[in-house]
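Values quoted throughout were computed directly from the atomic coordinates according to the rules given, and no laboratory measurement underlies them. Computed from a prediction, not measured in an experiment: that's the story for all the values here. For neighbour counting, all protein chains shown are included, and Cβ atoms are generated from backbone atoms with ideal geometry for every residue, glycine included.
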Amino acid sequence: MRILDKFSNPPSPRASGAAGTIAARPQAVPVVLSDFETIEVTAPVAQDDLKQVQAHFMTLAQCAARHAATPAERERIGQTLHERMARYGTSSEYIARRQVSVLSSRFVKRDPGSESESIRRYGDLRNPTGETLDERMNLFEEIACGVFERVYREAEARPDDIVHVSCSGYVSPSPVQIFLSRRGWLDVGVTHSYHMGCYGAFPAVRTALGLVGSSYVSLPERKSRVDLVHTEFLSLHFDLLGDEPDNIVTSTLFADGFIKYTAYPHAEFAKEGRSGGLKVLAIDERILPDSLPEMTLRPGPLQFDMSLSKRVPFMIRDSIVDFVRDLCSRAGLDFERDKAAMTFAIHPGGPAILNQIRGKLGIDETAVEMSRRVLHEHGNMASATAPHIWKLIAESQAIRSGTKVLSMAFGPGLTVIGAVFEKV
């Protein structure tokens, strides 16, 4: 699949069949992403500590599920899980810390009087084998509503529209609708951009382009501000009962991430004297052939279940050169000629994906430094990850205005999606 954004291409004449005349295509409306704001719901925890905590809670859940009655049985299960966590868990070499807000939630009971040292230190599970999906969605609603309250302070002006992005929670009315109703902003438009996993920021940006652009060419009132808010509460879906290597890898790779930013018409952005924005030049998207089962995200009885095959980094590697060349050509760039001067914002699905893409594209390690930094400092935050990288680029004093930025991400489908920005 290839998506062509009409607002990213120069206008061309088109025929008006009824009158037999040539009418000019409406002028494109450049859109700039800016005003990035991240939110910490809870303080990040060191990766090595988190792996011990996760192994502890997996031990509690699996002992309950297996009806382990004796201390020897419980110790044997715990030792096995800690060994598997040490072997398969994502190394702190790649991820230093993550935000894992579920550990501070009501799902965890504090029991300082417990006979178990690990329970005294880390806590106990409210539900011995893990919470049901509806309870997880209730908690998602509370956390997401709290995020909206924090990013929209009482004195802040309302946007024209809000695009809410998430792959980790679904309730209706949605958190953004609940927030708008409470705030009394009843005329703010709402678009839900859900369930696309790690590449979800790009369709959301494409939606913002459409909301801004269509208001200039086909609606009576122009939009001056469309906000995008990501609420990725991924720790909500850690699988406590699965001890397969893939489950341990994903549970130590993913983290919570919350971020808000704004899409402005370029004229509105410039009028306010802002700097540190990313003007959207092109967006493109493809589904790779014969790849449907390689990555999945589906609701399970307790949590959203993700599967990720070992083939994914190599399938992305084998398709990425043609995709990047086509994407750059849409922005009037020649990738091979211009790549040395470009900045890159590649979604760090994991260290292997970054390594495969960097090698295939023939770019220096410094070109993916910001992607590695976000992975190292935050973990994989699904759709919120790419905007965290965009924030670093937009705010970096070392990256000059006019620099072209190539960004891309990947998700179920397998979908490869990317955008070209220009820093302004």
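Could you tell me whether the range 166-211 comes out rounded, prolate or oblate from its Cα gyration tensor? Rule is a ≥ b ≥ c as square roots of the eigenvalues, rounded for a/c under 1.5, then prolate if a/b exceeds b/c, otherwise oblate.
Values: a/c = 3.54, a/b = 1.42, b/c = 2.49.
Because a/c hits 1.5 or more and a/b fails to exceed b/c, the range 166-211 counts as oblate.
List the trypsin sites (Lys or Arg not before Pro) in the range 370-424 that DSSP assigns to loop (not H, G, I, E or B) and whose Cβ has at most 16 other Cβ atoms within 10 Å. Which are they? The partial results should precede the final answer.
Working: sites: Arg372, Arg373, Lys391, Arg400, Lys404, Lys423; in loops: Arg400.
Taking the range 370-424 and a limit of 16 other Cβ atoms within 10 Å, the loop trypsin sites (Lys or Arg not before Pro) found are Arg400.
Using θ = phi - 60° in the Karplus curve 6.51 cos²θ - 1.76 cosθ + 1.60, the 3J(HN,Hα) couplings for the range 101-114 round to 6, 5, 5, 9, 8, 5, 5, 10, 9, 8, 9, x, x, 5 Hz; x is entered for Gly and Pro.
By the count of neighbouring beta-carbon atoms within 10 Å, fewest first, Glu336, Glu141, Glu365 end up ordered Glu365, Glu336, Glu141.
The mean sequence distance of close C-alpha pairs (under 8 Å, at least 6 residues apart), as a share of the length of the range 219-338, puts its relative contact order at 23 percent. Shown in residue order for the range 195-211 are the 3J(HN,Hα) couplings computed by the Karplus curve 6.51 cos²θ - 1.76 cosθ + 1.60 at θ = phi - 60°: 6, 10, x, 5, 9, x, 5, 6, x, 5, 5, 4, 4, 4, 4, x, 5 Hz (x for Gly and Pro). Local charge for Asp48 was computed over the other residues whose Cβ lies under 12 Å away, with Lys and Arg +1 and Asp and Glu -1, and equals +1. When a/c reaches 1.5 or more, the comparison of a/b and b/c decides; with that in mind, is the range 277-423 rounded, prolate or oblate per its Cα gyration tensor? Note, shape of the range 277-423 comes out prolate. Of the candidates Asn138, Asn380, Asn247, which one comes out as most mobile in a Gaussian network treatment of the chain with C-alpha springs shorter than 10 Å? Residue with maximal mean-square fluctuation among Asn138, Asn380, Asn247: Asn138. Note that the range 241-248 has calculated 3J(HN,Hα) couplings of 9, x, 10, 6, x, 4, 5, 5 Hz, one per residue in order, obtained from phi through the Karplus relation 6.51 cos²θ - 1.76 cosθ + 1.60 (θ = phi - 60°); glycine and proline are x. Using only side-chain charges placed at the Cβ, +1 for Lys and Arg and -1 for Asp and Glu, the dipole size of the chain relative to its Cα centre rounds to 860 debye.
Highest mobility in the GNM of the chain, judged by mean-square fluctuation with C-alpha springs under 10 Å and restricted to Pro245, Pro112, Pro313, is found for Pro112. Only lysine pairs 8 or more places apart, or on different chains, with alpha-carbon atoms under 24 angstrom apart are counted in the range 277-423, and they number 13. Assuming charge only on the beta carbon of Lys and Arg (+1) and of Asp and Glu (-1), the dipole of the range 277-423 about its Cα centre is about 180 debye to the nearest 20.
Comparing Glu131, Glu272, Glu285 in a Gaussian network model of the chain (Cα springs below 10 Å), the most mobile by mean-square fluctuation is Glu272.
Of the residues His237, His82, Leu297, the one whose Cα sits farthest toward the positive end of the charge dipole of the chain, with +1 on the Cβ of Lys and Arg and -1 on the Cβ of Asp and Glu, is Leu297. Our analysis of the chain gives Rg over Rh at 1.00, with the two radii drawn from alpha carbon positions and Rh computed by the Kirkwood formula.
Neighbours of His388, meaning other residues whose beta-carbon lies under 10 angstrom from its beta-carbon, give a summed charge of +1 when Lys and Arg score +1 and Asp and Glu score -1. In this rough spin-label picture, where each label sits 7 Å from Cα along the Cβ direction, the Ser181-Glu154 distance is 2.3 nm.
Decide, for the range 248-292, between rounded, prolate and oblate: order the square roots of the alpha carbon gyration tensor eigenvalues as a ≥ b ≥ c, take rounded if a/c falls under 1.5, and otherwise choose prolate if a/b is larger than b/c, else oblate. Cα axes put the range 248-292 in the oblate bin.
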